[in-house]
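Here the structure is laid out as structure tokens; the discussion comes afterwards.
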Amino acid sequence: MERKSENAETYVAENFLGYRILRSAYVAEYETSPPFRMFIIETDSSAESEKMAGAYLQAVMHPGKLVKGSVLAVRDPHHGELLIVVEGRYFFGVVGGGETPLAERHLRQLEASLLERGD
């Protein structure tokens, strides 16, 4: 059973995951097996979130392209498997959960919440 770790929400102003291009990230840790962290970065526009995600994919030398609204599995050389999504002006994902159904379910729940808000 998953649950968010108590007092485990943080804000990372710069260099999220050690990448200069990733900034202003809100992060929450989840007590699962394996444990994972979810992050969300809100940008000023959808173009900016797509640009940020593209720059991240370049930095980790990921060969694929990100399709808006779809979950992309990325192998980060420093952090292992990540699942990432770009939706509107948001770039969000899961670090450390690998490609587990639980991690993807959390991503989809976050995406649904954002779409419901109309952001």
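Considering the stretch 1-74, the qualifying strands (runs of 3 or more DSSP E), each wholly inside and each with 3 or more residues that are within 12 Å of the chain's Cα centre (by Cα), run over 25-31, 36-42. Need the failing condition index for Glu104 against (1) farther than 26 Å from Glu14 by Cβ; (2) over 11 Å from the mean Cα position of the chain (by Cα); (3) of a type outside the set (Phe, Trp, Tyr), just the number. Result: Glu104 fails condition (2) only.
Only residues that are under 18 Å from His106 (Cα atoms) and touching a helix residue (DSSP H, G or I) at 6+ places or on another chain (Cβ under 7 Å) were counted across the stretch 75-87, and they come to 5.
A short reminder: the numbers here are calculations on the coordinates, not readings from a lab. On a predicted model such as this, the values are computed, not experimentally measured, just so you know. No Cβ is skipped: glycine too gets one built from the backbone with ideal geometry, and neighbour counts run over all protein chains shown.
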